[in-house]
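See below for the structure under consideration.
The values are calculated or read from the model by the stated rules, or taken from the named source; none is laboratory data. Being a predicted model, the structure only gives us computed values, none of them experimental. Here the Cβ positions follow ideal geometry from the backbone for every residue, glycine too, while neighbour counts run over all protein chains shown. For the accessible areas, the whole protein counts, side chains as well, though only heavy atoms, and no ligand, DNA or RNA atoms are used. Shrake-Rupley method; radii C 1.70, N 1.55, O 1.52, S 1.80 Å.
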Amino acid sequence: MENLSIFWGKRLVGTLSRHTKGRVQFKYARQWLKTVGRPISLSLPCREEKFPPALSTAFFENLLPESGVRYILAFNNQFDKKDTFAFLDRYGRDCAGALSIMAQGQEPDLTPWCYEDVTQKLTQALDRLETSSDQRQLYLEMQPARLSIAGVQDKLPVYFKENKFYLPTNSGSATTHIIKPMNPMFPGIQRNEAFCMDLARIIGIRVPNSKLIQMGPHELYLVERFDRKILPERVARIHQEDFCQAMGLPVDRKYQIKGGPGFRQCRSLIDEYLSPSAQIRAEMAFVLVFNALIGNHDAHGKNFSIIHGSEFTMAPYYDLLSTQVYATLEKHFSMSIGKTFRQDRLHVNAFKAFAEDIKLRPSKLAEIMGKAIRPVELIYKAVLAKHKKEYGPAPIYRDLSRVISGNIEQLKTIQKALV
């Protein structure tokens, strides 16, 4: 029977065994249970018995790239696209959170600061992406053999220092940032996210530090990883998991309309594990209103995460951008507001139902809405002007202004009806 070893730093957490159809089964190591006793997921509490394949696979496949990237990686490596075990064996050295996944009998090389300067390779990869007629992706162009990054959007985990980019050469040297390139299918998406994250930070939402950087003719969105911390002696991994992992949901159920979590399920998770839960629920409501203001319809269960520290805490908010500006993208919310999945169909009763789902009084939700709407209305044009001045004009700024302006008026009407 094939097995993989799961490490948290130097310690063996447990093993993954191959199950049928590429699925996996996880089992905690006895020594880990005896001496540490920390779960790697809220869906995988500490116990001696093996976990079922469905639950084990749900957690670990959520560490992997999705959609087209996964298919191409499977083709290039000549294994089945559903073979979670093979993907983890190949790409599990540096995952989101604190875990490293190794072949059985191997141990992680924890020698720190072992990196390869890939700045020139990165520039060449970006050149190929720009001139290619097909839809290549940066992650595939760079071929980071032992790195994994979850999600559909094109991105690459890197170690970034003094305007240079590095990839680790061993499992003990973690990445510190994620870069996202321009995308011809969604013009200005890197500026879109940089602006929305900046606006979120200014109105008080906890977000990672991020910015746009220029590499010759190429513009990249660069964001700090909140699951990494640079220490004098090394880059430390901080364990975290997204809400889908915490709920034991597979990656194909991240959207509520496909059986994924809605705000009621998120609230239950918060109430059970996070403290102070009332404050976190109010914070999530604030982020929901912000997403409705910018037109972010893609805030799903994998866009909310929990940090595993001395206690469970809510991670900073990430992947905040306007999908509404792109006519070809899905118009449905990933999580319904009440029972409403469409921005153009939002009404006061949807927010009353949302208030019940998130366990807030409608008057409290109205107060939270006002605290989000007013500052966005006051400053979004100034923030757009700042970005245009710093990075140069672009059509995306006009589109963002149009979308946000319309959404402000819509939500102001709903907020007044809630009071």
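Of note:
- PHE243 being open to solvent by less than 30 Å² (accessible area, probe 1.4 Å), in contact with a Phe, Trp or Tyr (Cβ under 9 Å, 6 or more places away or on another chain) and within 24 Å of PRO39 (Cα to Cα): yes
- Boolean, ILE379 is open to solvent by 10 Å² or more (accessible area, probe 1.4 Å) and either under 13 Å from LEU293 (Cα atoms) or aliphatic (A, V, I, L, M) (or both): yes
- Within region 322-345, the set of residues being closer than 29 Å to PRO276 by Cβ and not β-branched (Val, Ile, Thr) comprises PHE333, SER334, MET335, SER336, GLY338, LYS339.
- Put simply, of ILE230, ILE202, ILE189 the only residue that is more than 27 Å from GLY92 (Cβ to Cβ) and surrounded by fewer than 18 Cβ atoms within 10 Å (Cβ to Cβ) is ILE202.
- Counted residues, region 154-178 - those being touching a Phe, Trp or Tyr at 6+ places or on another chain (Cβ under 8 Å) and closer than 24 Å to ILE189 by Cβ: 11
- Only one of PRO144, PRO112, PRO108 that is assigned to a loop (DSSP other than H, G, I, E, B) and modelled with pLDDT under 85: PRO144
- Which listed residue is under 30 Å from ALA125 (Cα atoms) and either charged (D, E, K, R) or not in a helix (DSSP H, G or I) (or both), from LEU167, LEU249: LEU167
- Residue within region 384-397 that is of a type outside the set (Gly, Ala, Ser) and either closer than 20 Å to LYS331 by Cβ or not in a helix (DSSP H, G or I) (or both) present: yes
- Screening region 298-309 for residues that are modelled with pLDDT under 95 and touching a strand residue (DSSP E or B) at 6+ places or on another chain (Cβ under 6 Å) and picking the one that is most open to solvent (accessible area, probe 1.4 Å) gives ASP298.
- Residues in region 1-31 that are open to solvent by 80 Å² or more (accessible area, probe 1.4 Å), over 18 Å from PRO108 (Cα atoms) and touching a residue at least 60 places away in the same chain (Cβ under 8 Å): GLU2, LYS21, ARG23.
- If the condition is being more than 20 Å from GLN245 (Cα to Cα) and touching a Leu at 6+ places or on another chain (Cβ under 9 Å), then region 30-44 contributes GLN31, TRP32.
- Meets criteria (farther than 19 Å from GLY204 by Cβ and either in contact with a helix residue (DSSP H, G or I) (Cβ under 6 Å, 6 or more places away or on another chain) or exposed (fewer than 15 other Cβ atoms within 10 Å of the Cβ) (or both)) for ALA417: yes
- Per-region count, region 319-336, residues more than 13 Å from ASN192 (Cα to Cα) and open to solvent by less than 40 Å² (accessible area, probe 1.4 Å): 4
- Scanning region 205-239 for residues being in contact (Cβ under 8 Å) with a residue 12 or more places away in the chain, over 17 Å from the mean Cα position of the chain (by Cα) and not in a strand (DSSP E or B) gives a total of 4.
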